[in-house]
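Encoded as structure tokens, the structure appears first; notes follow it.
The values are calculated or read from the model by the stated rules, or taken from the named source; none is laboratory data. Quantities reported herein were computed from a predicted structural model and do not represent experimental measurements. Here Cβ is always computed from backbone atoms with ideal geometry, including for glycine, and neighbour counts include all displayed protein chains.
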Amino acid sequence: MARILNFGSLNLDQVYRVDAFVQPGETKSSRSLETHCGGKGLNQSVAAARAGAEVWHAGIIGCDGEMLYDKLNENGVNLSQIERSAAVSGHAIIQVDDKGQNCILLYGGTNQELTEDYIDRVLKAFGSDGLVLVQNETNLVGSVIERAHAAGLQVAINAAPMDEKVFSYPLEFVDWLIVNEIEGASIAKCTREDEILPTLAKRYPKMNVLLTLGKRGAICMRGSESAKSGIYPVKVVDTTAAGDTFLGYFLTEALDGKSLSDALALATVASSLCVQSMGAADSVPQRKDTLSALETGALGVCGEWGGWR
């Protein structure tokens, strides 16, 4: 069984439904407001757990974040290393428009309260078997990568949201880099999409890469193995946790020794089911439903990989 320790962000998502995103200088009324559990870290822990992995979550919950703890707990995530703070939890203000697209404003809150002593305690408790997952929504990401590698663990980073901090991380210790085309080109320092994978392979020869391309699908490489996938023609309601769902399912399958093609296939179905529901963590499908959709062809025919731009 895949074993994942996620030093992940924990956010309260305030989701506003709008006809179109608010423009500079504009004031408009929203159609609805809902509060959901989210954050890339929480979403990815839920996704990996629902995909079948043994997931530990490490992070700090604020005074307003009991529902974050409850959401992880109800999904079977190991919460023995969670700590609490009197400060405010991380949160996000999310607009979702009529096309199902979203824009997100983040506030770090307690996601920025990790300490090096805490990281060391968590790694010791987790042991030396498994993978450590990080995103770019907490502090001390570089320290987590360095310490996890030194402990003999695999390391995966979802380098989002992309900013200058990513360039300071010891990426040479990363086993899995999960990025979209913009993030990948920024890290590879190239202008053409088709240069991303070969450039990263040359610079980081031990790094495996999962590159997501939105509606064009995804492509990944693991050593000499590579695979591509398109997407399913489904009605999009909300894309908020689609990438996190894809990542959680893909990593679980890859860590369980599945081929990249099989890992991509199940992750693509899972994310396609996710975008048909509103919300973040709650829209992540269960493994049995994902397997059923894949086996029965309930989503139709998966499209071809969309190619480079």
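Remarks
- Residues satisfying the stated conditions in the stretch 209-242, i.e. surrounded by fewer than 22 Cβ atoms within 10 Å (Cβ to Cβ), farther than 12 Å from residue 269 by Cα and among the small types (Gly, Ala, Ser): 214, 223, 224, 226, 227
- Matching option when the condition is farther than 21 Å from residue 133 by Cα, over 15 Å from the mean Cα position of the chain (by Cα) and surrounded by fewer than 20 Cβ atoms within 10 Å (Cβ to Cβ), among 206, 288, 258: 288
- Of the criteria (1) hydroxyl-bearing (Ser, Thr, Tyr); (2) crowded, with 23+ Cβ neighbours inside 10 Å; (3) over 22 Å from residue 119 (Cα atoms), which one residue 89 fails: (3)
- Residue in the stretch 44-51 that is modelled with pLDDT under 95, touching a helix residue (DSSP H, G or I) at 6+ places or on another chain (Cβ under 7 Å) and small (Gly, Ala, Ser) present: no
- 3 or more residues of a type in the set (Ser, Thr, Tyr): qualifying helices (runs of 4 or more DSSP H) within the stretch 195-309: 242-255, 260-274, 287-296
- Residues (charged (D, E, K, R) and either at positive phi or not in a helix (DSSP H, G or I) (or both)) located in the stretch 113-150: 113, 129, 137
- Selection count, the stretch 57-80, where residues are surrounded by fewer than 22 Cβ atoms within 10 Å (Cβ to Cβ) and either among the polar types (S, T, N, Q) or under 16 Å from the mean Cα position of the chain (by Cα) (or both): 4
- Considering residues of the stretch 255-309 that are of a type in the set (Ser, Thr, Tyr) and at pLDDT 95 or above only, the residue farthest from residue 44 (Cα to Cα): 296
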